[in-house]
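K.L.:
Dumping the structure here so I can ask a few things about it.
The values are calculated or read from the model by the stated rules, or taken from the named source; none is laboratory data. On a predicted model such as this, the values are computed, not experimentally measured, just so you know. A quick note on method: Cβ atoms are made from the backbone with ideal geometry, for glycine too, and the neighbour counts reach across all protein chains shown.
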Amino acid sequence: MSEAPAPVPVDFSQLTVGWIGTGVMGISMAGHLLDAGCRLVVFNRSSEKSRPLIRRGAEEADSPAEVAGRSDIIFTMVGYPRDVRQVVLGEEADSGVLSGLRPGGILVDMTTSEPALAEEIAERALLVGGRALDAPVSGGDIGARNATLSIMVGGDSETFARVLPLFQRLGKTVVLQGGPGAGQHTKMVNQILVAASMIGVCEALLYAEKAGLDVTTVLQSVSSGAAGSWSLANLGPRIVQGDFAPGFYVEHFIKDMRIALSEAERMRVALPGLALVSQLYNAVAAQGHARSGTQALMIALKTLNGC
């Protein structure tokens, strides 16, 4: 594809940004835009999760439609495609983002969702005089806090250029991948790679433990060589410490793998490795760890091995 356009200069102090979804990652991401000087309007179904932002000066809205009506650019960062559909399209005609979108307004969905839904939202945004981008991210809670996320964008180049200065406040790598849905397809590529990486990390550390090695020193040796990866460097130490707190929920990763497998089936692509890891993560969830971090895959492997 052609080279992405340069960012359109923006005065953050003159920009009102809406943010819907202030969970583990969303609250940090929204906070970066508040720090940049934007006026921030927030909505979350559990309003207490937005309180830290409100204490810092953000304003609270009562619905996604109200967020849209008060904002120039609206970001959504929710859990599942069904949440995206409810928040953006609305169960009632006047409740969703698109019902309140201003003429010329921009919706940016940063949820990992379905490519077909991203295409539908882009089409419906055009019908009400707006624009939409799909922009899922990779980097977990650490990347969200440090503004080092990788942001994968689908949409038109003009809208991308307008939002790029804001993306640059949230992430280190920002790439326009193509038209609507392309960001979501790219995120599926990312999640397939993550799935392969996580099974490798957990199996390797389990092997080290069973061999009687000091797993901490093993990490020192392997992290800087050819086996090094983001998962090993960031989640390996958590696994060793027995820390399964979520940077990214198991249940959300299961959702992502389900989308990837569904898209692969539609394209007639066989992904047996991903299918195996998906089943192992289903076992993790069945063992009561759906709300743990993805590194909890180690729990299923230890159970499988009678550890």
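K.L.:
Return the only residue of V175, V137 being within 17 Å of the chain's Cα centre (by Cα) and surrounded by fewer than 19 Cβ atoms within 10 Å (Cβ to Cβ). Even if it seems obvious, please write down each step before you answer.
P.N.:
Numbers: V137 fails: surrounded by fewer than 19 Cβ atoms within 10 Å (Cβ to Cβ).
The unique qualifying residue is V175.
K.L.:
Restricting attention to the stretch 70-100, which residues are of a type in the set (S, T, Y) and under 18 Å from the mean Cα position of the chain (by Cα)?
P.N.:
Here is the first cut: in the stretch 70-100, the ones of a type in the set (S, T, Y) are 71, 76, 80, 95, 99.
Within the stretch 70-100, T76, Y80 meet the criteria.
K.L.:
Within the stretch 1-69, which helices (runs of 4 or more DSSP H) (wholly inside it) include 3 or more residues that are under 22 Å from the mean Cα position of the chain (by Cα) and in contact (Cβ under 8 Å) with a residue 12 or more places away in the chain?
P.N.:
Working: elements: 26-35, 51-55, 64-69.
Helices (runs of 4 or more DSSP H) meeting the threshold: 26-35, 64-69.
K.L.:
Taking the condition in a loop (DSSP other than H, G, I, E, B), modelled with pLDDT of 95 or more and either assigned by TED's automatic domain parsing to the domain that holds G37 or buried (at least 18 other Cβ atoms within 10 Å of the Cβ) (or both), does P180 pass? Walk me through it before giving the result.
P.N.:
Working: in a loop (DSSP other than H, G, I, E, B): yes; modelled with pLDDT of 95 or more: yes; either assigned by TED's automatic domain parsing to the domain that holds G37 or buried (at least 18 other Cβ atoms within 10 Å of the Cβ) (or both): yes.
In short, yes.
K.L.:
Please indicate, with yes or no, whether at least one residue in the stretch 190-204 is outside the structural domain of A118 (by TED's automatic domain parsing) and in contact with a strand residue (DSSP E or B) (Cβ under 7 Å, 6 or more places away or on another chain).
P.N.:
Restricting attention to the stretch 190-204, the residues satisfying the condition of being outside the structural domain of A118 (by TED's automatic domain parsing) are 190-204.
Those left that are additionally in contact with a strand residue (DSSP E or B) (Cβ under 7 Å, 6 or more places away or on another chain): 190.
Yes, there is a match, as at least one residue in the stretch 190-204 is outside the structural domain of A118 (by TED's automatic domain parsing) and in contact with a strand residue (DSSP E or B) (Cβ under 7 Å, 6 or more places away or on another chain).
Each row is one residue, and each column tells you yes or no for (1) free of Cβ contacts under 8 Å to residues at least 60 places away in the same chain; (2) assigned by TED's automatic domain parsing to the domain that holds E251; (3) in a helix (DSSP H, G or I).
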position: R85; (1), (2), (3): yes, no, yes
position: G104; (1), (2), (3): yes, no, no
position: L107; (1), (2), (3): yes, no, no
position: A116; (1), (2), (3): no, no, yes
position: E119; (1), (2), (3): no, no, yes
position: L126; (1), (2), (3): yes, no, yes
position: A144; (1), (2), (3): no, no, yes
position: I151; (1), (2), (3): yes, no, no
position: T159; (1), (2), (3): yes, no, yes
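K.L.:
Please find, within the stretch 286-307, the residue that is farthest from V78 (Cα to Cα) out of those that are free of Cβ contacts under 8 Å to residues at least 40 places away in the same chain and either β-branched (V, I, T) or not in a helix (DSSP H, G or I) (or both). First the steps, then the outcome.
P.N.:
Let us first name the residues in the stretch 286-307 that are free of Cβ contacts under 8 Å to residues at least 40 places away in the same chain, namely 286-288, 300, 303-304, 306.
Subsequent filtering for residues that are either β-branched (V, I, T) or not in a helix (DSSP H, G or I) (or both) retains 303, 306.
Details: T303: 31, G306: 36 Å.
In this case the residue turns out to be G306.
K.L.:
Filter the stretch 90-101 for residues that are assigned to a loop (DSSP other than H, G, I, E, B) and either small (G, A, S) or at pLDDT 95 or above (or both) and give the result.
P.N.:
The answer is G90, A93, S95, G96, L101.
K.L.:
Any residue in the stretch 268-285 that is of a type in the set (K, R) and touching a residue at least 24 places away in the same chain (Cβ under 8 Å)? Even if it seems obvious, please write down each step before you answer.
P.N.:
The initial filter retains those residues of the stretch 268-285 that are of a type in the set (K, R), namely 268.
If we keep only those that are touching a residue at least 24 places away in the same chain (Cβ under 8 Å) too, we end up with none.
There is no residue in the stretch 268-285 that is of a type in the set (K, R) and touching a residue at least 24 places away in the same chain (Cβ under 8 Å).
K.L.:
Taking the stretch 211-229 on its own, how many of its residues are within 22 Å of T303 (Cβ to Cβ) and free of Cβ contacts under 8 Å to residues at least 12 places away in the same chain?
P.N.:
The number of residues fulfilling the criteria is 3.
K.L.:
Can I ask one more? Output the number of residues of the stretch 7-27 satisfying the condition of being buried (at least 18 other Cβ atoms within 10 Å of the Cβ) and closer than 18 Å to V163 by Cα. Write out each step before concluding.
P.N.:
Step one: list which residues in the stretch 7-27 are buried (at least 18 other Cβ atoms within 10 Å of the Cβ), which gives 15, 17-27.
Now restrict to residues that are closer than 18 Å to V163 by Cα: 15, 17-20, 26.
Number satisfying all stated conditions: 6.
K.L.:
Tell me, which residue of the stretch 214-271 that is part of a loop (DSSP other than H, G, I, E, B) and crowded, with 16+ Cβ neighbours inside 10 Å is nearest to the chain's Cα centre (by Cα)? Break it down into steps so the answer makes sense when it comes.
P.N.:
Start the filter on the stretch 214-271 by keeping residues that are part of a loop (DSSP other than H, G, I, E, B), which leaves 214, 223-229, 242-248, 267-271.
If we keep only those that are crowded, with 16+ Cβ neighbours inside 10 Å too, we end up with 229, 244, 246-248, 271.
Details: S229: 19, F244: 19, P246: 13, G247: 11, F248: 9, L271: 22 Å.
The qualifying residue nearest to the chain's Cα centre (by Cα) is F248.
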